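The values are calculated or read from the model by the stated rules, or taken from the named source; none is laboratory data. Since this is a predicted model, take the numbers as computed values, not measurements. Cβ: placed from backbone, ideal geometry, glycine included. Neighbour counts: every protein chain shown. Note: accessible area is taken over every heavy atom of the protein model, side chains too, but ligands, DNA and RNA are not part of it. Shrake-Rupley method; radii C 1.70, N 1.55, O 1.52, S 1.80 Å.
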Amino acid sequence: EWPLRPGRKHRLYSRGATFTMAMRTMAILFAFWLFAFTSWVGMISLRSSKYLHFVAVTFEAFCIWGFFENMVSHLKSKGYFGKDVTDGMSLQVGPCCCCLRCLPPAPRKPSTIVSFRRIIYQMIICQTSFESVRVIMVFECRYDPNSPGKLIIDAIILTSFLFAMWTLMVIYRSSYKVLAPFSYGLKFGSFKLMIFLSKFVYTILAWVASAGKIPNYVNDNGDTIVRGKQRVEIWMNFVTITASTLLFYLSKNLYQTSDYDHLKPRGCSSNSNADQVDLESVDINEDDHSP
């Protein structure tokens, strides 16, 4: 059952770890509607697309952090990390597998999670900082999409993003059997598919427009109203709206209330389940305010 059902909201969110994971889940699902909304506004005002791109990219970075923290929470509840665990996590996974063959496996200890979390943080800081500079330059009419500086900034952002993806892959590949009941592969795949479709299709169509294959839109007097590349931006906004809406309805059922069953309420000891409540067996009434 979908965890955001209103009838279960107040009881489900009253627990510490469960509340935190539920908030991250809501943010991830909200990203589909945010991308659709920003694309809809971009269709109305092409000038606002650069500013809306900043909002979408920044929120995407925080959603990746949400996936990371949710996976770590589930693995901790399963006892996957600990000071007495001797097994390690292989670092030879994509997209950095070719560069890390000489490194030993990472230990499954809390200190490793702290290091991985810092890699996620650097991606959030890097993307937010550089995209903020880009927005300021667009606002001051000093932004040149063909300048060499743009290529350097894009390369830095891409490198930072790949390291964050590598961190997620290290954790997922080493523990995919433990995380299998939670369908993280499908959850993250549906989230990234929405972004991949918009960026990949736009790159192809922008290249076609640069080659002059997409004509400009002109009025009866022969004046150019919309250039070919701007027409591509309008088309891609429509594609993003459609893809975001469809993927939301296809992926929302992947987030189940059973995802929270293994999380212990804040204040409970690790060997006591006396305070845990079976949500499925409780009849919740919104008008019942009894303790």
I113 being modelled with pLDDT of 75 or more and under 19 Å from F161 (Cβ atoms): no
Selected residue (criterion: farthest from T20 (Cα to Cα)) from residues of region 40-88 that are free of Cβ contacts under 8 Å to residues at least 12 places away in the same chain and basic (K, R): R47
Any hit, region 124-135, residues being open to solvent by less than 30 Å² (accessible area, probe 1.4 Å), at pLDDT 90 or above and either closer than 30 Å to S49 by Cα or of a type in the set (A, V, I, L, M, F, W, C) (or both): yes
Hits in region 173-215 (condition: in contact (Cβ under 8 Å) with a residue 40 or more places away in the chain, open to solvent by 70 Å² or more (accessible area, probe 1.4 Å) and either closer than 15 Å to F68 by Cβ or over 19 Å from the mean Cα position of the chain (by Cα) (or both)): R173, P181
Near pairs, Cβ below 9 angstrom, 6+ apart or cross-chain, from region 138-157 (under 21 Å from S48 (Cα atoms)) to any residue that is assigned to a loop (DSSP other than H, G, I, E, B) and open to solvent by less than 100 Å² (accessible area, probe 1.4 Å): K150/Y143; K150/D144
Per-region count, region 109-137, residues without any contact (Cβ under 8 Å) to a residue 60 or more places away in the chain and either of a type outside the set (V, I, T) or touching a strand residue (DSSP E or B) at 6+ places or on another chain (Cβ under 6 Å) (or both): 14
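Mind checking which residues of region 26-48 are open to solvent by 40 Å² or more (accessible area, probe 1.4 Å), among the aliphatic types (A, V, I, L, M) and at pLDDT 75 or above?
The initial filter retains those residues of region 26-48 that are open to solvent by 40 Å² or more (accessible area, probe 1.4 Å), namely 26, 30, 33, 37, 40, 43-47.
From what is left, the residues that are among the aliphatic types (A, V, I, L, M) are 26, 43-44, 46.
Matches in region 26-48: M26, I44.
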Total residues in region 81-91, condition open to solvent by less than 20 Å² (accessible area, probe 1.4 Å) and farther than 19 Å from L103 by Cα: 1
One residue from L91, L103 being modelled with pLDDT under 75 and among the aliphatic types (A, V, I, L, M): L103
Breaking point among (1) open to solvent by 20 Å² or more (accessible area, probe 1.4 Å); (2) assigned to a helix (DSSP H, G or I), for E60: (1)
Some residue of region 11-25 being surrounded by 15 or more Cβ atoms within 10 Å (Cβ to Cβ) and at pLDDT 85 or above: yes
Residue ID - surrounded by the fewest Cβ atoms within 10 Å (Cβ to Cβ), chosen from residues in region 102-123 that are aliphatic (A, V, I, L, M) and in a helix (DSSP H, G or I): V114
